[in-house]
1. Where does the chain land at 222 nm, in deg cm²/dmol rounded to the nearest 500, when only DSSP H runs of n ≥ 4 count, each adding -39500 (n - 2.57), divided by all residues?
2. To the nearest Å, what is the center-to-center distance of segment 28-104 and segment 278-306, using C-alpha atoms only?
3. Just list whichever of Lys36/Lys224; Lys36/Lys263; Lys143/Lys203 have alpha carbons separated by over 29 Å in the model shown.
4. Taking the Cβ of Met249 as the centre, find all other residues whose Cβ is under 12 Å away and add up their charges (Lys, Arg: +1; Asp, Glu: -1).
5. Rounded, prolate or oblate for the chain? Axes are the square roots of the Cα gyration tensor eigenvalues, ordered a ≥ b ≥ c, and the cut-off for rounded is a/c under 1.5.
6. Any aspartates and glutamates with Cα under 13 Å of the Lys121 Cα? List them, leaving off those in the same chain fewer than 8 positions away.
7. Angle check, please: helix 169-182 long axis (alpha carbons) against the longest principal axis of the chain (alpha carbons), in degrees 0 to 90, nearest 10.
8. Between Glu267 and Lys234, what is the label-to-label distance in nm when each label sits 7 Å out along the Cα-to-Cβ direction?
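Any read-out appearing in this document is the output of simple, stated calculations on the displayed coordinates, not a laboratory observation. Treat the numbers as computed from the prediction; the structure is a model and nothing was measured. Neighbour counts are summed over all protein chains in view; Cβ atoms, including those assigned to glycine, are modelled from backbone coordinates with ideal geometry.
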Amino acid sequence: MKSGSNLERVFEKGEFAVTAELGPPKGNDVEAVYEKAKYLKGVVDAVNVTDNQTAIVRMSSIATSKLILDLGLEPVMQMTCRDRNRIGMQSDIFGATALGIKNCLCLTGDHQRFGNEIDSKNVYDLDSIQLLSVLKTMRDEGKTLGGEGVEGDVKLFLGAAANPFGDPFEFRVIRLAKKVKAGADFIQTQVIYDMDRFREWMKRVRDMGLHERTHIMAGVMPLKSGGMARYMAKNVAGVTIPDEIVKRMVAAPKGKGAAEGIKICIETIEQLKEMEGVHGVHIMALEWEHRVPEICEEAGLLPRPS
């Protein structure tokens, strides 16, 4: 055990892991965090806490992670390279682990032009692969990037993101291999709608033996309406939605789009559960945390391991 985290324990037992996403509020409203968290307790193995997602100012991932930790949930704290230099990132990791946070998902971070502070200066002192390497060194060797010894133990289960749908496609698995080499204990993928392309990506993952060196968590997101499906298919970079999925959503009877989106999500999870090398799913139900228990129940993911 690298960290003592529940998520790591689930993987080591050979169980199919389940995580869900929680977006912190655009302010310091603690009750907003508690409201979302109550739907996830006992339903997932860990909760992924976003870090100023889409470059929009929100409550910090560290503070939100501590709030849900106190509620009895296990956080996966996200850390982006956009907003901190190497001093700030290492300092925040010291603080997070001191608070009992045991999982960290290392991300480069969305560019600030997508957010609500477009005149801010990005940092990107390190990228996500370098951040993984720094945190692995802190954990395994007890040293900072500058080579100084760490006072105490930095115990972390380290994660990274992967996008099987970006171009050039051939480079996707090579980039994954770099993240695994840098220290990624688990991988969270972009949301999956195009199962054919994901199957091809997973074949390449298995051909390189990466599924034996890290834990792949497949990302899923329930669509809420035909309009959402069309918008994402045309405008969201890195997301591929096949025409048949869009048509299913658009053809859903009035008021039934959400139910159809959840049905598609459940069908996707059922396929992923049978796919060699996929060790879990990450459910990204944007502002829809209250539907996660339903998705998990219908997909046969409950009860979770104790």
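1. -12000 deg cm²/dmol
2. Value for the Cα centre distance between the two parts: 19 Å.
3. Check vs 29 Å cut-off fails for Lys143/Lys203.
4. +3
5. rounded
6. Lys121 reaches Asp83, Asp110.
7. Long axis of 169-182 versus the principal axis of the chain: about 30 degrees.
8. 2.3 nm
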